[in-house]
Structures are given as C-alpha cells and as structure tokens.
Amino acid sequence: MWQLATFPMAWQTNSKWLATFVLWLFCGIAESSTLAAIERLPGYHQLPSGQRFQVELIATGLNIPWDMEFAADGALLVTERPGRLILIDAQGARELDRISDVLMRGEAGLMGFALYQQSRDQRYIFLCYSAQKGLFGVENRLVKALLGRFGLLQQEQLLSWRGDKFHNGCQVAIGPDQKLYVTTGDATEGPLAQQPESLLGKVLRLELDGSIPVDNPIAGSAVYSIGHRNPQGLTWHPGRQQLYVVEHGPSGFDGVPGGDELNLIRPGENYGWPNINRAEQRAGLVAPLYWWERSVAPAALAFSGSEDRGDGRGKGLHSAEHLVITTLVGESLIWLELDRAGNPLSEHRMLHQQFGRLRALTPGPDGHLYFATSNRDGRGQPAAGDDRILRLIKVAR
Ligand SMILES: [Ca+2]
C-alpha cells in the first residue's frame, strides 16, 4: 500500500522542494490555497514581463513576525520576535507555544526556524533565538524540539554563540543535502567575521542532530563560509541547488551606509566583511553576486520560478527566473531577474511603500508567495492590522 511515511526522507524533501517550484512555475490562476484569505486587496502589480499579481490578506494582528514556513499538513508556522510560535491553518491563527527564555532587545529575540518532517507523525523544529547570558550578555541559541500538536516537546540545545543587541543573523534552513544551515551576524564586531575559529559572521552547517558534517570545509567546525556582516536570508536554487544568502551592509558606524549584498555561497569561501565592501575586489575574497548602493535591508529571499519573456511557449533564450527578496528599509518586494546561468539581469521593485517594512517570506504549497510586514519592530509605522501576513497571487494577463 502506498504510504508517504515509508519513503526515505530525502525523497520526500526533494520532491516537496520540486513540487513547490513546479507549482509556482505552472499555476496561472491557482485557487487551491489551503489558507483562506480575509480579503483580496484592490489593485494589480505587474512585472516588466507583463505578469500581473494581486495581494490577499491572510492574517492580521501579529507582533513582529520574523520567519514563516509551511508544515507538510498545510499549516503555516510563524515566529514572532518577542518569543511566540504561531500556527495558522483553516481554523485561523493561534499561539502554538511561547519560548520562555527568549530575550528581546534591539534586533534580538526569536528569529529564524526550519521544519523537518521525520515521519508522518514526527516533525521537528529548529529554532534560532537570543537569550540572556549573565547579567548583561546576549547569547544566541540553536534549539531542536519535537513539534507537537499543542507545542514544543523535548527541547534540546544544539549550539550557542555570542549574540548582541544588533547583527545576530539567526536564520535557519534545511538544505537539499538534508543539512542544517544557520546564519550568524558579527555581533557588531566586524573582525570576528574574518576569524575562522569564531562562530560570528558566518554561515554554519550542521547535521540534523547538531553534529559536524564530515565534509564541512574546516574539519571539526560548523563554519561553512566566513566574512559575513549580518546575513538573515538564505535559499537554494531549486534546480542547481546553489545556496544564495542576503546580508545587511554597513549602517554608518561600521562603514559607508548601504552596500547590502546577495552572495552565492560556496563552502570554505570568504565573503570579505569587513575588509571589502560593495564591488571592491581583493585576492582570496569573494565579491557579491549583486549589491545595492543605497540600503534596502534585504531580509528573506525565495525563488519564484520562470517568467517566460519569449514567444509565449517557454522557448528560446528569453526564459529567465526571479529571486524575490523582502526588504525592510526598502519597503518592497524586490524581483531580481536572473538568466539561466544565475547572473542578475535586472531589478524590479514591487509594492513599494504599500505595506511598509517586509521581512518573513515563504513559498506556499499552493504555489503562491507569502510575506509578512515588520512594522511593529520599533523602526516602522504600524498601520491598522499590523503586523500582517499577505500573499501574492498570479492573475491572468
Ligand atoms: Ca527559515
């Protein structure tokens, strides 16, 4: 008998990955969404290719949503930076749990997470958050827990490292290789990002039990790449399986403001912070794939699939794809068009200043792109209903 639980995990995850991508590729006007919309907002948003979108409101009244991911059963999980884990399903939104030792200070708090469906009945969550260390210190923690119907069970700390009021990174995702990837910030001490023995200013890679993968670039170390300032978004190209990371550039005290980066991450490479910035070149350091002169504060990113720019039948050299990036300062969804080799071609800003600061972002199992505002984070101007979760719906041209 056909049972999902009997398939090996790698098959399930890779196929889910592919299914999401394929759905997004081919759904024109998909209405098979699992989450009911509160309302479809008036107005259309168009890409230069002519593809049109509308925005639907999914949830209101959240408090600084930081990360979102759909579970295998179609429920949407959301972290709120003050420490709550929210579950949204067909019955609406409810608090699933509250992480008791979260410290919210400055930019710190409960941040990224990733889900792992071990079997039909057993699913895990990996959480990254800040906690108090000593009297005045901040520590970031990576915690694994069983995700039960009524909250977290069997919490286990896999790793901890020094945090700060600012620059904590703290995004988590599981790669197509079934490893756990975690971003860490420089905790406002740039030179630490250049020290391979420090866990700060890095992309880390771990096994799902917290041990160090044997094929990591530095033997016995979780460090996967170095020289990052404050990376908070990561995703993989669904076909090439390459890792893309966005990070915040300097904000004045540590360099000329601006210079936010998109990097293509390769194991063992040095992405240059704080020694190079923007398009500067230096031997042994990797310049960004793309960067922004004026700060947009890129928060999260996801691939959207192909947009046919050619003859309408998906043929020829004109087929391209987009990386969609939420921005906080930029208050928009950036659509970065890439050619087939992954080189950035053009940038289009959508929803500019319509919803304020945008952070959390995830593709849905319905093929739509879900994103959330971050207007209650102390740097925004909350509107009625903020913070909100929204979704972008493709509509017929
Ligand atoms: Ca995540």
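Worth a mention:
- Region 201-220 residues that are surrounded by 16 or more Cβ atoms within 10 Å (Cβ to Cβ), paired with ones that are part of a loop (DSSP other than H, G, I, E, B) and among the aliphatic types (A, V, I, L, M) (beta carbon under 6 Å, 6 or more apart): L204/A222; L206/A222; I212/A222
- Index of the failed condition, G43 passing every other in (1) over 25 Å from A131 (Cα atoms); (2) in contact (Cβ under 8 Å) with a residue 60 or more places away in the chain: (2)
- Set side by side, the residues M104, M68 differ, and just one is within 16 Å of the ligand (Cβ to nearest atom) and under 23 Å from Q232 (Cβ atoms), which is M68.
- Candidate set: region 239-248, residues that are within 16 Å of the ligand (Cβ to nearest atom) and not charged (D, E, K, R); chosen: the one surrounded by the most Cβ atoms within 10 Å (Cβ to Cβ): V246
- Candidates R94, R120, R81 - the one that is touching a residue at least 40 places away in the same chain (Cβ under 8 Å), away from the ligand (no atom under 16 Å from the Cβ) and among the basic types (K, R): R120
- Test: L264 is away from the ligand (no atom under 16 Å from the Cβ), within 19 Å of the chain's Cα centre (by Cα) and not polar (S, T, N, Q): yes
- If you go through region 130-156 and keep only what is closer than 16 Å to G109 by Cα and surrounded by 14 or more Cβ atoms within 10 Å (Cβ to Cβ), you end up with S130, A131, Q132, K133, V138, E139, N140, R141, L142, V143.
- Verdict on L127 being buried (at least 21 other Cβ atoms within 10 Å of the Cβ), over 22 Å from S198 (Cα atoms) and either under 21 Å from the mean Cα position of the chain (by Cα) or charged (D, E, K, R) (or both): no
- Some residue of region 180-198 being under 20 Å from the mean Cα position of the chain (by Cα) and either more than 16 Å from the ligand (Cβ to nearest atom) or free of Cβ contacts under 8 Å to residues at least 40 places away in the same chain (or both): yes
Residue-wise test of (1) within 16 Å of the ligand (Cβ to nearest atom); (2) touching a strand residue (DSSP E or B) at 6+ places or on another chain (Cβ under 8 Å).
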residue: P176; (1), (2): yes, yes
residue: S211; (1), (2): no, no
residue: S221; (1), (2): no, no
residue: I226; (1), (2): no, yes
residue: R229; (1), (2): no, yes
residue: H237; (1), (2): no, yes
residue: D260; (1), (2): no, yes
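- When residues in region 173-198 are screened for being buried (at least 19 other Cβ atoms within 10 Å of the Cβ), of a type outside the set (S, T, N, Q) and closer than 25 Å to G284 by Cα, 8 of them pass.
Conditions (1) in a loop (DSSP other than H, G, I, E, B); (2) of a type in the set (G, A, S); (3) closer than 15 Å to A302 by Cβ; (4) touching a residue at least 12 places away in the same chain (Cβ under 8 Å), marked per residue:
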position: A341; (1), (2), (3), (4): yes, yes, no, no
position: L345; (1), (2), (3), (4): no, no, no, yes
position: H352; (1), (2), (3), (4): yes, no, no, yes
position: L361; (1), (2), (3), (4): no, no, yes, yes
position: D377; (1), (2), (3), (4): yes, no, no, yes
position: A383; (1), (2), (3), (4): yes, yes, no, yes
position: R397; (1), (2), (3), (4): yes, no, no, yes
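- Of all residues making up region 107-117, the number that are surrounded by 21 or more Cβ atoms within 10 Å (Cβ to Cβ), within 16 Å of the ligand (Cβ to nearest atom) and not hydrophobic (A, V, I, L, M, F, W, C): 2
Readers should treat all values here as calculations from the given coordinates under stated rules, not as data from a laboratory. These numbers come from a predicted model, not from an experiment. Please note: Cβ atoms are built from the backbone with ideal geometry, for glycine as well, and neighbour counts cover all protein chains shown.
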